[in-house]
């Protein structure tokens, strides 16, 4: 029997979507299905950082993966004209995978310059630790989708999770550095449920 993958995210749906958001999900989302790309963000929340990546990397394909449909709807609303629902020019490079990123990766030949993972759910209760996304197994898997000089960039405001990730990295061939970074603040960073001063970041490479 094939081993079933552990689900690393919570609910798929939140409050009811607006009429416009539902129309964007039904009509626009299928046209933004990703094939290959240059930069990947896993778990983009409401999409603030995906939009920032698109604005700062014109001409590149930015793939955002997010299973929470309300977050997907928020991103679709933000990248489109309110009257026409047409994607704005500055966001033309955005593609969206509205499901588990592992399913996308299994079907792509993409090699990414950057893979971003910002504020993943820390699953702080001990009995939920197996649900944490950034296990050694997952890090090994996504590292295979990097370009030779590609980077995995991780940000979290949960110190215990940060230390746990560092321990996981020891079981991989990845090299970790701890940079000082100042990036656009997301809704999840503002929530800061861990109550810490600022996020900590890691940059992982295959070197």
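Do we find that residue 108 is out of contact with any helix residue (DSSP H, G or I) (no Cβ under 9 Å at 6 or more places or on another chain) and under 19 Å from residue 37 (Cβ atoms) in this structure?
Values: out of contact with any helix residue (DSSP H, G or I) (no Cβ under 9 Å at 6 or more places or on another chain): yes; under 19 Å from residue 37 (Cβ atoms): yes.
Yes; evaluated as a whole, the condition is true for this residue.
Please specify each residue of the stretch 30-48 satisfying the condition of being more than 21 Å from residue 155 (Cα to Cα) and either buried (at least 19 other Cβ atoms within 10 Å of the Cβ) or touching a strand residue (DSSP E or B) at 6+ places or on another chain (Cβ under 6 Å) (or both). Walk me through it before giving the result.
First, pick out the residues of the stretch 30-48 that are more than 21 Å from residue 155 (Cα to Cα): 30-37.
Correct list: 32, 34, 37.
From the residues in the stretch 28-52 that are assigned to a strand (DSSP E or B) and touching a helix residue (DSSP H, G or I) at 6+ places or on another chain (Cβ under 7 Å), which one is farthest from residue 139 (Cα to Cα)?
Going residue by residue through the stretch 28-52, those that are assigned to a strand (DSSP E or B) are 39-42.
In the following step, the residues that additionally are touching a helix residue (DSSP H, G or I) at 6+ places or on another chain (Cβ under 7 Å) were identified as 39, 41-42.
Details: 39: 16, 41: 14, 42: 12 Å.
Checking each candidate, the answer is 39.
Would you list the strands (runs of 3 or more DSSP E) that sit entirely within the stretch 120-207 and hold 3 or more residues that are at pLDDT 95 or above and surrounded by fewer than 18 Cβ atoms within 10 Å (Cβ to Cβ)?
Numbers: elements: 146-156, 175-177, 200-205.
The strands (runs of 3 or more DSSP E) meeting that bar are 146-156, 175-177.
Mind checking whether some residue in the stretch 49-61 is surrounded by 15 or more Cβ atoms within 10 Å (Cβ to Cβ) and over 22 Å from residue 181 (Cβ atoms)?
yes
Residue-by-condition table, conditions (1) assigned by TED's automatic domain parsing to the domain that holds residue 148; (2) under 26 Å from residue 150 (Cα atoms); (3) not in a loop (DSSP other than H, G, I, E, B):
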position: 54; (1), (2), (3): no, yes, yes
position: 59; (1), (2), (3): no, yes, no
position: 63; (1), (2), (3): no, yes, yes
position: 73; (1), (2), (3): no, no, yes
position: 77; (1), (2), (3): no, no, yes
position: 84; (1), (2), (3): no, no, no
position: 90; (1), (2), (3): no, yes, yes
position: 104; (1), (2), (3): no, yes, yes
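Per-residue answers, yes or no, for (1) farther than 18 Å from residue 172 by Cβ; (2) in contact with a helix residue (DSSP H, G or I) (Cβ under 9 Å, 6 or more places away or on another chain); (3) in the same structural domain as residue 206 (by TED's automatic domain parsing):
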{"site": "117", "(1), (2), (3)": "no, yes, yes"}
{"site": "122", "(1), (2), (3)": "yes, yes, yes"}
{"site": "142", "(1), (2), (3)": "no, yes, yes"}
{"site": "145", "(1), (2), (3)": "no, yes, yes"}
{"site": "150", "(1), (2), (3)": "no, yes, yes"}
{"site": "159", "(1), (2), (3)": "yes, no, yes"}
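The values are calculated or read from the model by the stated rules, or taken from the named source; none is laboratory data. Keep in mind that this is a model prediction, so the values were computed, not measured. Note that we place each Cβ from the backbone using ideal geometry, even for glycine, and neighbour counts take in every protein chain shown.
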